[in-house]
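The values are calculated or read from the model by the stated rules, or taken from the named source; none is laboratory data. All values reported here derive from a predicted model rather than from experimental measurement. So basically every Cβ, Gly included, is an ideal-geometry build from the backbone, and we count neighbours across all protein chains shown.
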Amino acid sequence: MDKKNIMIVGTSSGAGKSLLVTALCRIFFKDGFKVSPFKSQNMALNSYITKDGKEMGRAQVVQAEASSLEPDVNMNPILLKPSTMNKIQVIIQGKSIGNMSGIEYNECKKNFIPVLKESYEKIKNKVDIVVIEGAGNPAEINIKEEDISNFGMAKIADAPVLLVADIDRGGVFASIYGTIMLLSEENRKRIKGIIINKFRGNVEILKPGFEIIENMTGVKTLGVIPYANIDIEDEDSLTEKYKSFKLNKNSNKIKISVVKLKHISNATDIDALSIYDDVEIQFVTERSQIGNEDLIIIPGSKNTIDDLKWLKESGIAEEIIKRARTETIIFGICGGFQILGNKVKDPYHIEGDIEELNALGLLDLETIMESEKTLVQYKGNLKVDKGFLKELNNIEIKGYEIHQGITQGNEKNLTTDNRTIFVNRNNIIATYLHGIFDNKEFTDYLLNKIRKRKGLDEINNNISYEEYKVKEFDKLEKLVRENVDIDAIYNILNNSK
């Protein structure tokens, strides 16, 4: 097969681009092709570290998993991570080049086009099909000239385009027509099909609209994907999945409160906990929401000091300290690890103007923000001779680190290589490892300790998080095959050059 590609753009953010790219990657892979995702520019705080120590967006990692490929930073050559109200960290081919304002980035992003071309060519040369994902809406008339995410990338790759629209928001045909007609004639010609997403109801009522929109735009509707409960990682923490949910105080389920920090990053660390039937999770933003849980998780943060300041001002910090004294398990991940110590110091103003802030004091550790970022995958063994985790002595754990700070102090390290990435004192657990709950043996043990405290029977989940994800990929593949004209998409692929 000659090298082929196709691009997915959307009428809006959240229209379903990432999910459709994942579905097409899975379909092409199951049909026997070697396929890879590609997204030129991704703005997200959910990121991942590749085997060679480079940082990329998690959405492309999920799509790579659906394609049965090892994640490659060239799948996402530009990653933008909002760090403060008016600054973004710019990561090019896996390495940070520093923080910029939006205006500064827009002024220089055209300079990154050679990088996009290089990364795209590297991916294209390894596979049969590249499925390219756009960003936002491709017809934003105020920024079309600076576009490198949508039709700017389609032109670089010379790719045909499918437009996906979210009917759940309302006004689906207006958004389709408006998007297409605001494009230049050159870009309109690239659009070869429309897919409507998140439909609830009988598709027959939409069919008259298909003919009208095709007559008006010249573009055919290739399918309508029904609203479905498919559990695949979301691109960022803005998803509805991470909105506040009130715990049921009368249930016997394991209750988990996750602090939804202002700069929360890698919220996907929590997803592996949600596959357990007797676990319920709420994301908290107010002090009053805390007090009925078995486990409190402080997740990662893109700005630890600002989030620590917010925790104190909101009263959530005081509530966490109070709950720690009642033997509620407190679990910090990455930025949450730093917040559990005595102090966080930022002498080089990496995160802002505050040079030092007292933290929660639940661990005898201090963190100093350094300019060099730690980016590494990790695999090692826990080394525990007593305390809460002692039965996990010598189990293998794996994950990845993404952090600016260096943390040191008087707590005992729990890793065989003696690095400060995992510590435990009584009911306080902290780690620098993202993906910690993906380790089934560790998570089964932790949840069973909680069940025992609650007088419940122990449970060993019969499926790992990796196996669960594969099952969800296959559900997504089936859903899209049944509701989208895949033969028409293959025809677009085969006639695109």
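Observations on the structure shown:
- Tally of residues being among the small types (Gly, Ala, Ser) and within 21 Å of LEU24 (Cβ to Cβ) across region 82-138: 4
- Failed condition for LYS373, given (1) at pLDDT below 95; (2) farther than 26 Å from TRP310 by Cα: (2)
- Near pairs, Cβ below 7 angstrom, 6+ apart or cross-chain, from region 193-215 (farther than 17 Å from LEU162 by Cβ) to any residue that is surrounded by 11 or more Cβ atoms within 10 Å (Cβ to Cβ) and among the aromatic types (Phe, Trp, Tyr): ARG200/TYR227; GLY209/PHE173
- Of the residues making up region 74-91, those that are hydrophobic (A, V, I, L, M, F, W, C) and in contact (Cβ under 8 Å) with a residue 24 or more places away in the chain are MET75, ILE78, LEU79, LEU80, ILE88, ILE91.
- SER149 fulfils the conditions (1) among the hydroxyl-bearing types (Ser, Thr, Tyr); (2) at pLDDT 95 or above; (3) buried (at least 20 other Cβ atoms within 10 Å of the Cβ) except for a single criterion, (2).
- Positions within region 66-83 being in contact with a helix residue (DSSP H, G or I) (Cβ under 7 Å, 6 or more places away or on another chain) and hydroxyl-bearing (Ser, Thr, Tyr), in sequence order: SER67, SER68
- Note on region 224-264: residues that are of a type in the set (Ser, Thr, Tyr) and at pLDDT 95 or above amount to 1.
- When region 123-146 is limited to residues that are modelled with pLDDT under 90 and of a type in the set (A, V, I, L, M, F, W, C), the one that is farthest from the chain's Cα centre (by Cα) turns out to be ILE141.
- Strands (runs of 3 or more DSSP E) contained entirely in region 17-102, each with at least 1 residues that are crowded, with 24+ Cβ neighbours inside 10 Å and touching a strand residue (DSSP E or B) at 6+ places or on another chain (Cβ under 7 Å): 35-38, 41-43, 47-49, 55-57, 78-84, 87-92
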